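Only one structure is covered here, and it is reproduced in the block below.
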Amino acid sequence: MACKRGALIVLEGVDKAGKTTQCNKLVQALQQSGKPAEMIRFPDRTTTIGQLISAYLEKKRDLEDHTVHLLFSANRWELVPLMKKKLEQGTTLVVDRYAFSGVAFTSAKPGFDLDWCKSPDVGLPKPDLVMFLQLSPAEAARRGQFGEERYETSVFQKTVQQKFEHLMKDTSVNWQVIDAAKSVDDVHEDIKTRSLNAILAAQNLPLGELWK
Ligand code: 2DT
């Protein structure tokens, strides 16, 4: 029996914006309202590729910059069959970071061209909704120290933010900016409303292909 597909919903944003907290709360709220939903996060550190990426992020090993970019992309592609299966079965996927983080973080490094960064992710399942949790660097700093992992410095995060702003100009992607400076509960309500709308809109549409 044909069933309505689930929506692919992505949360992006700079560090400290509350992405992971909001993904968890959204999945819980959707499930409570009777909508099948699951969370995925990228990088998925559990796979063989993900373990390499994790060691890189924890500074336990070095990897050449192009190489690690392609590994992050491969880490998404390896999950695509499972993602498609879940979406077809009617499960909404709430994704903590996706190809946009991939492009924003690598293109924040010197010498990386935006189009080169996008190319390995062209054709991935296209999100029905991408919410960007917007937070000023000052507010991010008020939320506490950055961690010890690679990329967790305020200088690098500012460049990443600029790259995200550039990516958000692309009208082929359904970007929605969320004010992440509000309380956790207010941000959640905002995200939930937008997600329920996206789920309704997606159920009769085919899944798209990103940047194609
Ligand atoms: P968290 O696990 O704390 O979210 O940090 N990153 C992520 C990339 O450089 N490229 C990517 O494709 C993705 C998905 C962002 C993960 C870190 O890895 C960065 C922060």
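Against the definition (within 30 Å of Leu196 (Cα to Cα) and either away from the ligand (no atom under 13 Å from the Cβ) or surrounded by 18 or more Cβ atoms within 10 Å (Cβ to Cβ) (or both)), how does Lys126 come out, yes or no?
Here the answer is yes, as Lys126 does meet what is asked.
Tell me, which residue of segment 171-195 that is farther than 18 Å from Ser136 by Cβ and surrounded by fewer than 12 Cβ atoms within 10 Å (Cβ to Cβ) is farthest from the ligand (Cβ to nearest atom)?
Looking at the filtered set, the residue picked out is Thr193.
Which residues, counting only those in segment 1-46, are small (Gly, Ala, Ser), more than 22 Å from Ala180 (Cα to Cα) and surrounded by fewer than 19 Cβ atoms within 10 Å (Cβ to Cβ)?
Those that are small (Gly, Ala, Ser), more than 22 Å from Ala180 (Cα to Cα) and surrounded by fewer than 19 Cβ atoms within 10 Å (Cβ to Cβ): Ala2, Ser33, Gly34.
Is segment 32-45 home to any residue that is farther than 22 Å from Lys118 by Cβ, in contact (Cβ under 8 Å) with a residue 24 or more places away in the chain, out of contact with any Pro (no Cβ under 6 Å at 6 or more places or on another chain) and within 10 Å of the ligand (Cβ to nearest atom)?
Checked against the condition, which is being farther than 22 Å from Lys118 by Cβ, in contact (Cβ under 8 Å) with a residue 24 or more places away in the chain, out of contact with any Pro (no Cβ under 6 Å at 6 or more places or on another chain) and within 10 Å of the ligand (Cβ to nearest atom), segment 32-45 yields no hits at all.
Where in segment 56-175 are there helices (runs of 4 or more DSSP H), lying wholly inside it, with at least 2 residues that are modelled with pLDDT under 95?
Where helices (runs of 4 or more DSSP H) fall fully within segment 56-175 and carry at least 2 residues being modelled with pLDDT under 95, they are 137-142, 154-167.
If Ser54 meets every condition in (1) more than 10 Å from the ligand (Cβ to nearest atom); (2) surrounded by 15 or more Cβ atoms within 10 Å (Cβ to Cβ); (3) more than 29 Å from Ser183 (Cα to Cα) apart from one, which number is that one?
The single condition Ser54 does not satisfy is (1).
Would you confirm, using the coordinates I've provided, whether Lys182 is within 29 Å of Leu30 (Cβ to Cβ) and basic (Lys, Arg)?
Values: within 29 Å of Leu30 (Cβ to Cβ): yes; basic (Lys, Arg): yes.
Yes.
Residues in segment 68-112 that are within 11 Å of the ligand (Cβ to nearest atom) and touching a Lys or Arg at 6+ places or on another chain (Cβ under 6 Å): how many?
Residues that pass the stated criteria total 5.
Pairs, please: C-beta under 7 Å, at least 6 apart or cross-chain, first residue closer than 21 Å to Arg143 by Cα and in segment 154-169, second aromatic (Phe, Trp, Tyr) and surrounded by fewer than 20 Cβ atoms within 10 Å (Cβ to Cβ)?
What qualifies is Ser154/Phe146.
Please pick out the residue among Leu207, Leu200, Leu124 that is over 30 Å from Asp62 (Cβ atoms) and in contact (Cβ under 8 Å) with a residue 60 or more places away in the chain.
Leu207
Please specify each residue of segment 127-152 satisfying the condition of being under 20 Å from Phe100 (Cβ atoms) and either free of Cβ contacts under 8 Å to residues at least 24 places away in the same chain or β-branched (Val, Ile, Thr) (or both).
Of everything in segment 127-152, just one residue is under 20 Å from Phe100 (Cβ atoms) and either free of Cβ contacts under 8 Å to residues at least 24 places away in the same chain or β-branched (Val, Ile, Thr) (or both), namely Val130.
Could you tell me how many of the residues in segment 1-25 are closer than 11 Å to Val94 by Cβ, within 16 Å of the ligand (Cβ to nearest atom) and either not in a helix (DSSP H, G or I) or not basic (Lys, Arg) (or both)?
8
The values are calculated or read from the model by the stated rules, or taken from the named source; none is laboratory data. Values in this document were obtained by computation on a predicted structure and should not be read as measured data. Positions of Cβ are generated from backbone atoms using ideal geometry, with glycine treated the same way; all protein chains shown enter the neighbour counts.
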